[in-house]
Amino acid sequence: MTVEVRFRPARVDEGDGLRLATAMADELRALYSGLELDATGMPKAGPAELGPPGGTFLVGYGPDGTPLCCGGIKALPDGACEIKRMYVAPAARRQGVARRLLGRLEDTARGLGYTVARLDTGPAQHSARRMYEQAGYAPIGNFNANPVATYFGEKAL
C-alpha cells in the first residue's frame, strides 16, 4: 500500500515539525541508551541549521492532513549538504514514505544549489542504512564527527 504524501516547508522547533522531531529524538533516546541529539559533541541540526538560506525543513502530510514524516537539509562548510532529522511516524512506516521523503529532500537540495548530499545513521538503524544504500549513497568517512553513527554516506545530486 502506498500513501500519498504532500510536503510543506516547516520549522524544526514549532508545530508539526517540532512534534515529529521530538518523536524522532524520543525514539533515538530509547534505541541508543539515553542519547541526546542536542548534547555537546553531537552534530547541530536546529532551526539555524535547518533553515534559510542554506537549509530547510519539510513535513510530509497524508491525504487526511495527518503529519507523517519530516526531514531537513543543512549546509556543510565544504559546499555539500547534509540530510538531517529524517523521521517517519510508526503508523506510516513500510509504505514507501521514507523513500519519498528522501527523494523530496534530495530534490529540494538540488533546488538550493547543492550537488552533493551526505547523511549518517546509527548501528541499530539497519533499514535506514539499507534504504540509503539502495538510493545510491556510497560509504564515506565520518564527515560530521557524529560519535554515535556508524554509517556515513554520500551521493552526487
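All of the numbers you see were taken from the coordinates with simple rules; none came from a lab. This is a predicted model, so every value here is computed, not measured. Glycine also receives a Cβ, built like all others from the backbone with ideal geometry; neighbour counts cover every protein chain displayed.
Of note:
- Scanning segment 2-16 finds one or more residues that are loosely packed, with under 11 Cβ neighbours inside 10 Å, more than 18 Å from residue 105 (Cα to Cα) and touching a Gly at 6+ places or on another chain (Cβ under 9 Å).
- Any hit, segment 19-40, residues being in contact (Cβ under 8 Å) with a residue 40 or more places away in the chain, crowded, with 18+ Cβ neighbours inside 10 Å and more than 24 Å from residue 99 (Cβ to Cβ): no
- Flag if residue 108 is hydroxyl-bearing (Ser, Thr, Tyr), closer than 23 Å to residue 15 by Cβ and out of contact with any strand residue (DSSP E or B) (no Cβ under 7 Å at 6 or more places or on another chain): no
- Filter result for residue 85 (without any contact (Cβ under 8 Å) to a residue 40 or more places away in the chain and of a type in the set (D, E, K, R)): no
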